[in-house]
Amino acid sequence: MLRGFLFHLIPLLIPFVVYGVYLYFNRRAGGEKTWQGKSVAIATILGLILMAFSFIGVAALREDQLGGTYVPPRYEDGKIIDSEIIPTDKKQ
């Protein structure tokens, strides 16, 4: 679950990191730029667009959307059996 959360959070943060690196090197070169409202708004919009693309990409590339029945994880004979999706034509 953490991996899925980070997969969608990282695209949101990428524009802020890029802008922060830009500001760092700009300040080292003698520039006076700082975090401004317009720049933060643009970074937020770009981050949300990238985050939306990550949601669309995950939804488009999911293989388990082919249909079937979801069987949740279960405990049998002292072992945890992973969850699985049983295709419609192979139901038990």
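The values are calculated or read from the model by the stated rules, or taken from the named source; none is laboratory data. Source: prediction; values computed, not measured. Cβ coordinates were reconstructed from backbone atoms using ideal geometry, including for glycine residues, and neighbour counts include every protein chain displayed.
Computed values, structure above
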read-out	value
Candidates Ile81, Ile85 - the one that is at pLDDT 75 or above, of a type outside the set (S, T, N, Q) and touching a Lys or Arg at 6+ places or on another chain (Cβ under 6 Å)	Ile81
Test for Ile10: is it hydrophobic (A, V, I, L, M, F, W, C) and loosely packed, with under 10 Cβ neighbours inside 10 Å	no
Residues that are under 24 Å from Arg62 (Cβ atoms), in a helix (DSSP H, G or I) and among the aliphatic types (A, V, I, L, M), drawn from region 1-47	Leu2, Leu6, Leu9, Ile10, Leu12, Leu13, Ile14
First in region 1-25 and closer than 11 Å to Ser54 by Cβ, second anywhere and surrounded by 14 or more Cβ atoms within 10 Å (Cβ to Cβ) and among the hydroxyl-bearing types (Ser, Thr, Tyr), Cβ under 9 Å, 6 or more apart	Phe7/Ser54; His8/Ser54; Ile10/Ser54; Pro11/Ser54; Leu12/Ser54
Residue count, region 67-86 (criterion: surrounded by 10 or more Cβ atoms within 10 Å (Cβ to Cβ) and either of a type in the set (D, E, K, R) or not in a loop (DSSP other than H, G, I, E, B) (or both))	7
Qualifying residue in region 38-50 (condition: surrounded by fewer than 10 Cβ atoms within 10 Å (Cβ to Cβ) and free of Cβ contacts under 8 Å to residues at least 12 places away in the same chain)	yes
Residue in region 52-62 that is in a strand (DSSP E or B), aliphatic (A, V, I, L, M) and either farther than 20 Å from Ile14 by Cβ or in contact (Cβ under 8 Å) with a residue 24 or more places away in the chain (or both) present	no
